[in-house]
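Okay, so here's the structure we're looking at.
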Amino acid sequence: MAQFEAASQKSAQYPKPAGFILQYGTAGFRTNAKQLPHVMFRMGLLAVLRSLRTRATIGVMVTASHNPEEDNGVKLIDPMGEMLEMAWEAYATQLANAEQDGLVTALRDIIEREAINMDHSASVFVGRDTRPSSQSLSQAVQDGVSALGGHCQDFGLVITPQLHYLVCCQNTQGRYGDISVEGYYKKLSEAFIKITKNAPPRQPLRVDGANGIGALQLKAMEPHLQGQLTVLLTNDGSTGKLNHLCGADYVKVQQGAPQGMEMGLGERCCSFDGDGDRIVYYYKDDKGCFHLLDGDKIATLISTFIKELLTKAGLDLQLGVIQTAYANGSSTHYLEDSMKVTVRCVKTGVKHLHHAALEFAVGVYFEANGHGTVLFSKAAEEKIHQLAKDGSAAEERRNAALQLESTINLINQTVGDAISDMLLIEAVLAVKGLTVQQWDAIYTELPNRQLKVKVSDRRVINTTDAERKTTSPAGLQEAIDELNRKYRLARSFVRPSGTEDVVRVYAEAETRETADALAHEVSLAVYRLAGGVGEEPKPLH
């Protein structure tokens, strides 16, 4: 076919470094931006094939999220705004790693396996973050799309969740919302205003924009909120470097405030990550001590709010909370024992949480890192809408249904969304009249610590039980079990990184000192039994 030859010739403008290999994972492809032009071009090609296969618009987002500014990455978005179907991750890897002379063969292989009709038209939406490399890499994606005859719409600078939203709007013919960034602002802000219209005024919210695209989009959205929420923006990208000493990942890992954040005692503060799909909250107490409210606290707050509304509405809809092994043990106990909510633990990775959440009428999922959302089944939405319209229903039931309707509109159900999640958290705090300290006091988190150990080959670590236990190397799980028995309320696990040769260690225990000691001792066990490289892990204190 002539179009294959044209694509192959165009591909020569984006040469693949000899022997360079990448793996498509939960975060798509991510590495140093200089190594990505050929990958971007080929993901443009793949997006065309995926569009033809699904007969729908596909999204391609150029971002490396919370990675350093010199990195970049790319991820594909499926028709309903969800992450790329897992089977197609293998195609992405195959295409990215094909040598130049094997590119056409790789394309033909995918087309044959998926029985793709190349005579139809393909549609691709493209977005990018604020990294210096993003514009040229976005152009490489668009060149890939046009090389196979696809139609490309470039939305420019958007947070990742906005591109997910736009793809879903397009493929639902606008039922999910207006197919524009303006439509996104309008849908979320109108829902926020409806939920909070009777709530008393709130103190301003301090937001760390990670010097990224989330800061730009929040600035653009603020006028739509009509003064219902005042935002004081730090790290807005005007001077600082993306994700450097700021952003949700920095705050979560360092357990401290980002650079530039002026925190008054008791003030609500939050941080986005570089592409605006994660959020964490935090504050300083009256003794000046830092408190982090991560994905576990966010999931608990939102679950409580939704469960109360479902109860007031008299709707028997099963609410489930999806967690990973990283969820703090105290949050799991609170949800199961106090709230009587079903909790399910799945493997780390948004796609696993999202998939499990679909099994509930209302599924709440947040990773501890602050990435998450809420999913309402079609049947649940229909029951809520019917009650909201039912003039004969009791006023309390109907009002609760109306609040649930606005809550549904405030949530970006396609993916974790820092702006949407921020507005939902602010709405819940306003309606319930909670301070950030009262929210934090719902349950007390066990002190925890995350570390990583460099190893020569991360594949020596294999896990089971939603990554909470290791099956290899021999003796490692037994060593971890023995260390856990040393400390009160202790739990720890290890898992291999999906992107680099490191093993991630998580530990929690009754006190900060014992959690840190446990994390260090488990790190040593990993180093000694799983092929650690470099210096042995040193004690934290």
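The values are calculated or read from the model by the stated rules, or taken from the named source; none is laboratory data. Fair warning: this is a prediction, and the values are worked out from it, not measured in the lab. Backbone-built Cβ (ideal geometry, glycine too); neighbour counts: all protein chains shown. Surface areas here come from the heavy atoms of the whole protein model, side chains and all, with no ligands, DNA or RNA. Shrake-Rupley method; radii C 1.70, N 1.55, O 1.52, S 1.80 Å.
Projecting the Cα atoms of T130, M83, V341 onto the charge dipole of the chain (Cβ charges, centred on the Cα centre) puts V341 farthest toward the positive pole. For the pair A6 and D286, a Förster radius of 56 Å applied to the C-beta separation gives a FRET efficiency near 0.25, rounded to the nearest 0.05. Between T172 and K219, the modelled label-to-label distance comes to 3.1 nm, taking each label 7 Å out from Cα in the direction of the beta carbon. Between region 131-192 and region 52-78, what is the separation of their alpha carbon centroids in Å? Between the Cα centre of region 131-192 and that of region 52-78, the gap is 11 Å.
Ligands, DNA and RNA are left out, and with a 1.4 angstrom probe the accessible area of the chain is 40 Å² per residue. By a 1.4 Å probe calculation restricted to protein chains, T130 has an accessible surface near 50 Å², given to the nearest 10. For T514, T407, T239, the ranking by accessible surface with the largest value first comes to T239, T514, T407, using a 1.4 Å probe. Across Y165, Y176, the residue with the most accessible area heads the list, and the full order at a 1.4 Å probe is Y176, Y165. Taking the 1.4 Å solvent-accessible surface of region 114-241 as the whole, the part contributed by carbon and sulfur is 46%. On the basis of the beta-carbon distance and an R0 of 41 Å, Q153 and L232 show a calculated FRET efficiency of 0.75. For region 243-301, give the percent of accessible area contributed by carbon and sulfur heavy atoms, probe 1.4 Å, rounded to a whole number. Ligands and nucleic acids excluded, carbon and sulfur reach 45 percent. Shown in residue order for region 367-375 are the 3J(HN,Hα) couplings computed by the Karplus curve 6.51 cos²θ - 1.76 cosθ + 1.60 at θ = phi - 60°: 6, 4, 6, x, 9, x, 7, 10, 10 Hz (x for Gly and Pro). At the residue level, D286 shows approximately 130 square angstrom of accessible surface with a 1.4 angstrom probe and all protein chains present. Measure up K186/K432; K197/K351; K252/K432; K307/K389; K452/K486 against 31 Å on the Cα-Cα distance and list the ones that go over. Long pairs (Cα-Cα over 31 Å): K197/K351.
Across the chain, Cα pairs under 8 Å and at least six residues apart give a relative contact order of 11 percent.
Note on exposure: K287, K297 ranked by accessible area (1.4 Å probe, complete protein assembly) read K287, K297, with the most exposed listed first.
Here the dipole of region 1-113 is about 200 debye; that uses its Cα centre as origin and unit charges on the Cβ of Lys and Arg (positive) and Asp and Glu (negative).
Taking a ≥ b ≥ c as the square roots of the eigenvalues of the alpha carbon gyration tensor, the chain is oblate, as a/c is not under 1.5 and a/b does not beat b/c.
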